[in-house]
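This structure is in structure tokens; I'll ask about it shortly.
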Amino acid sequence: MSYWIDTHAHIYLGEFDADRDEMLQRATQNGVGKILMPNIDSGSVDAMLRVEEAYPELCVPMMGLHPCSVKDDVEKQLYEVENRLSKRKFAAVGEIGTDLYWDKTFWEQQKEAFTIQVNLARKRNLPVVIHCRETLDETIDMVEQLQDGNLAGVFHCFTGNSEQAGRIIGLNFYLGIGGVATFKNGGLDNVLPGIGLDNIVLETDSPYLAPVPHRGKRNEPSYLVTIAGRVAQLTNQPIEDVMSKTTENARKLFSL
Ligand SMILES: [Zn+2]
């Protein structure tokens, strides 16, 4: 298992249309052996599946409705998620969750869409990939309510504190660690030394949240090694162990 897994990258987006081949080549050259693609909504599915078709060994799709795409047509969107899940295999239900950063209009619908999709995952024995922004405590509360012992998943782009990390680990969920670990005021330098490698997976969230020294520019899966280097430093573990442990965690969680 000597390769990295980027557990969260939107490499099907237009940001990569001009150089997707070269960008994925750089990822492979840097030891990234699998890239998991979270869906956004019905408008992103076709592009995502085209990338899977072009790079079937490398790129693995998920299916879900992103909280920022929960709008007036949420019922129709959720029907499409369910329909797609019934037709073929996906690695996870994702990304799903809650987000009050941009818009608070659909908060009730967001919570309902989240619960519905967690239950879709439960029905199909799939893990969930959770996005939350400004809503971490509320979302942990919801997962506590929904956890029946069989639910597995990851809080992607974890940026919370030690107490929140502890609650997530207590729920048998993983923390998705990305570029924020390299930010000066990211806060993960207070959290990672205390939790070690057993409950984390790595991610880039490409094209967003590029790690230092690429901060503010387009992110891509080859930068996962930069994030891993910082995780090695903060957990005081050799980089080889960061690779073997996070890859093992991701393979187990997503049945890769
Ligand atoms: Zn995402």
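I'm checking my understanding of the structure. Among residues of the range 132-158 that are away from the ligand (no atom under 16 Å from the Cβ), part of a loop (DSSP other than H, G, I, E, B) and without any contact (Cβ under 8 Å) to a residue 60 or more places away in the chain, which one is surrounded by the most Cβ atoms within 10 Å (Cβ to Cβ)?
Residue satisfying both the conditions and the ranking: LEU151.
Can you name the strands (runs of 3 or more DSSP E) wholly within the range 1-105 that have at least 2 residues being buried (at least 21 other Cβ atoms within 10 Å of the Cβ) and within 15 Å of the ligand (Cβ to nearest atom)?
32-37, 59-61, 93-99
Considering ILE177, ILE140, which residue is under 18 Å from THR115 (Cβ atoms), β-branched (Val, Ile, Thr) and touching a Phe, Trp or Tyr at 6+ places or on another chain (Cβ under 9 Å)?
The unique qualifying residue is ILE140.
Conditions first: (1) touching a helix residue (DSSP H, G or I) at 6+ places or on another chain (Cβ under 7 Å); (2) buried (at least 22 other Cβ atoms within 10 Å of the Cβ). VAL180 passes all but one, so which condition is the exception?
VAL180 satisfies every listed condition except (2).
Additional query: Only residues that are surrounded by fewer than 21 Cβ atoms within 10 Å (Cβ to Cβ), part of a helix (DSSP H, G or I) and of a type outside the set (Gly, Ala, Ser): list them for the range 192-224, please.
Passing the criteria: PRO193, ILE195.
Could you tell me which numbered condition GLN117 fails, if it satisfies all but one of (1) part of a helix (DSSP H, G or I); (2) more than 16 Å from the chain's Cα centre (by Cα); (3) farther than 23 Å from PRO211 by Cβ; (4) of a type outside the set (Val, Ile, Thr)?
With respect to (1) part of a helix (DSSP H, G or I); (2) more than 16 Å from the chain's Cα centre (by Cα); (3) farther than 23 Å from PRO211 by Cβ; (4) of a type outside the set (Val, Ile, Thr), GLN117 is out only on (2).
If a residue must be free of Cβ contacts under 8 Å to residues at least 40 places away in the same chain, under 21 Å from ALA152 (Cα atoms) and in contact with a Gly (Cβ under 8 Å, 6 or more places away or on another chain), how many such residues does the range 235-256 contain?
0
Only the coordinates and a few stated rules stand behind these numbers; no lab work does. Bear in mind the structure is a predicted one, so any value in this text is a computation, not a measurement. No Cβ is skipped: glycine too gets one built from the backbone with ideal geometry, and neighbour counts run over all protein chains shown.
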